[in-house]
Amino acid sequence: MAQTAREFIGERAIEALRRPALDEARGLPAALYTSHEFFDLEQHRLFPRTWTGIAFDTDVPAPGDAVPLTVCGLPVILVRDRGGEVRVLHNVCRHRATIVLERPARGLSTFKCPYHGWVYGTDGSLKATPFWDGTADSHKCPVDAAGNGLVPVRSGVWNHVVFVNLDGRAEPLETWLAPMAVELDHLDVQGLEIGHRLDWTFKANWKLVMENWEVYHHVWVHEGVFDKMSDEVDPATGEIYTDMIADGNVMMLRYTKNRPPPALRSVNGPELPPVPVRYEKTEPTGAANAVLPNTTVTIGAAAYAPAIYVPIAPGLTEARMAWYFASGAATGETFETSREAVLDRWLGPTRSFGDRQGIRPQDHRCMELQQAARSSLVADDVKFSATWEANVRYFQDWVVTRIDA
Ligand code: FES
């Protein structure tokens, strides 16, 4: 079994990926999207060493709210402790390693292991080991309480996204996503309120999401939003109206001042209040952004829509997405029509994904088509447009480099 990406891919494919001239380079071989061996390599050597998005702080809105999750196959608990702090804990009892929290819960005072009743605080601290020494005093806790709490996972919250670093050795979260933090610093994103949440799965490898961080596909895929190529590029000069930026662990699509506004569906409700600013910024701001490896951060004038992509299998990914709006506009009837129009644009009017309407189902349809094609014997000759697809090669190289670091 390969221990490195280089070993799995082979020298020739690495050389082809890194050719200086982008249009002479070749993309990652299809096996990196279909192989269980490479999937395991990512799960063990990529994700645990990164800051991986897992959920949203609004998934646990009140003290004592908790959700069991799986990260790289490891069971964890996302909890807002009684003091209001969002934490991530290994969901493993310190007695004989049993899952402690089996299903989402609200307003817990403690966690209680279902096997022998050990009790933990919502901060993970060990509170009781009933009858450990045969006596009825469940609060005596004769084992070392300080050393036997639920083990914390290194975690952090940025703009409502909960990130974890499983191996505990990545640079600080603020450093990991620094270019993105700078880009959005003027916006009060954390002050926005949750308006909608949706989880779904699609039949494609998680990497194909990040390889979608270009605007070449917009006109062909997102009918009704991006209608003509002249919205993306000046056909006479070749000037592209979007800066497609890759910087460290961040990728951004920043529309330039020369870009015509994209077509928007008419909104028949009252205008949504804008995302509040902390200070004025005159330069354009990245609209569709990604924090590698698996989190996307899209922000418009009135809505913030982060998404987390969780690899389930080589050809299966779970999407967790949330929509946030300005205070007072996220719930209630006043702005309901306008919020629905935003969600229609993202998800289509049925929210079913079956009719392939809305930006996300449209994207995911193409990812599923890419995934299906990767079972072919002729899918290894992937090319990049030097004009449009530098980000795609950047991300593929980022994956290989990170695994082998
Ligand atoms: S395994 Fe949890 S209390 Fe025994």
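The values are calculated or read from the model by the stated rules, or taken from the named source; none is laboratory data. Source: prediction; values computed, not measured. Glycine also receives a Cβ, built like all others from the backbone with ideal geometry; neighbour counts cover every protein chain displayed.
Given the conditions (1) under 30 Å from Ile9 (Cα atoms); (2) part of a strand (DSSP E or B); (3) not aliphatic (A, V, I, L, M), which single one is not true for Pro68?
The number of the failed condition is (1).
Test Ala181 against the stated conditions and say whether it is more than 29 Å from His36 (Cα to Cα), in the same structural domain as Gln371 (by TED's automatic domain parsing) and free of Cβ contacts under 8 Å to residues at least 60 places away in the same chain.
Details: more than 29 Å from His36 (Cα to Cα): yes; in the same structural domain as Gln371 (by TED's automatic domain parsing): yes; free of Cβ contacts under 8 Å to residues at least 60 places away in the same chain: yes.
So Ala181 fits the description; yes.
Of the numbered conditions (1) touching a Pro at 6+ places or on another chain (Cβ under 7 Å); (2) free of Cβ contacts under 8 Å to residues at least 24 places away in the same chain; (3) more than 10 Å from the ligand (Cβ to nearest atom), Arg87 fails exactly one; give the number of that condition.
Every listed condition holds for Arg87 apart from (2).
When residues of region 330-349 are filtered for being surrounded by 15 or more Cβ atoms within 10 Å (Cβ to Cβ) and more than 24 Å from the chain's Cα centre (by Cα), how many remain? Step through it out loud before you land on a result.
Start the filter on region 330-349 by keeping residues that are surrounded by 15 or more Cβ atoms within 10 Å (Cβ to Cβ), which leaves 330, 335, 338-348.
Next, only the ones that are more than 24 Å from the chain's Cα centre (by Cα) stay: 335, 338.
Counting residues in region 330-349 that are surrounded by 15 or more Cβ atoms within 10 Å (Cβ to Cβ) and more than 24 Å from the chain's Cα centre (by Cα) gives 2.
Any residue that is assigned to a strand (DSSP E or B), surrounded by fewer than 22 Cβ atoms within 10 Å (Cβ to Cβ) and touching a strand residue (DSSP E or B) at 6+ places or on another chain (Cβ under 6 Å) - is there at least one of those in region 98-109? Walk me through it before giving the result.
Initial filter on region 98-109 (assigned to a strand (DSSP E or B)): 105.
Those still in the list that are surrounded by fewer than 22 Cβ atoms within 10 Å (Cβ to Cβ) too: 105.
From what is left, the residues that are touching a strand residue (DSSP E or B) at 6+ places or on another chain (Cβ under 6 Å) are 105.
Within region 98-109, one or more residues are assigned to a strand (DSSP E or B), surrounded by fewer than 22 Cβ atoms within 10 Å (Cβ to Cβ) and touching a strand residue (DSSP E or B) at 6+ places or on another chain (Cβ under 6 Å).
Is it true that Gly191 is assigned to a loop (DSSP other than H, G, I, E, B) and in the same structural domain as Pro68 (by TED's automatic domain parsing)? Show your work before the answer.
Numbers: assigned to a loop (DSSP other than H, G, I, E, B): yes; in the same structural domain as Pro68 (by TED's automatic domain parsing): no.
It is false that Gly191 is assigned to a loop (DSSP other than H, G, I, E, B) and in the same structural domain as Pro68 (by TED's automatic domain parsing).
In region 90-139, which residue that is aromatic (Phe, Trp, Tyr) and within 9 Å of the ligand (Cβ to nearest atom) is farthest from Gly64 (Cα to Cα)?
Going residue by residue through region 90-139, those that are aromatic (Phe, Trp, Tyr) are 111, 115, 118, 120, 131-132.
Subset that is within 9 Å of the ligand (Cβ to nearest atom): 115, 118.
Working: Tyr115: 21, Trp118: 17 Å.
Selected residue: Tyr115.
Take Val119 and tell me if it is closer than 28 Å to Ile312 by Cβ and hydrophobic (A, V, I, L, M, F, W, C). Spell out the reasoning first.
Details: closer than 28 Å to Ile312 by Cβ: no; hydrophobic (A, V, I, L, M, F, W, C): yes.
The answer is no for Val119.
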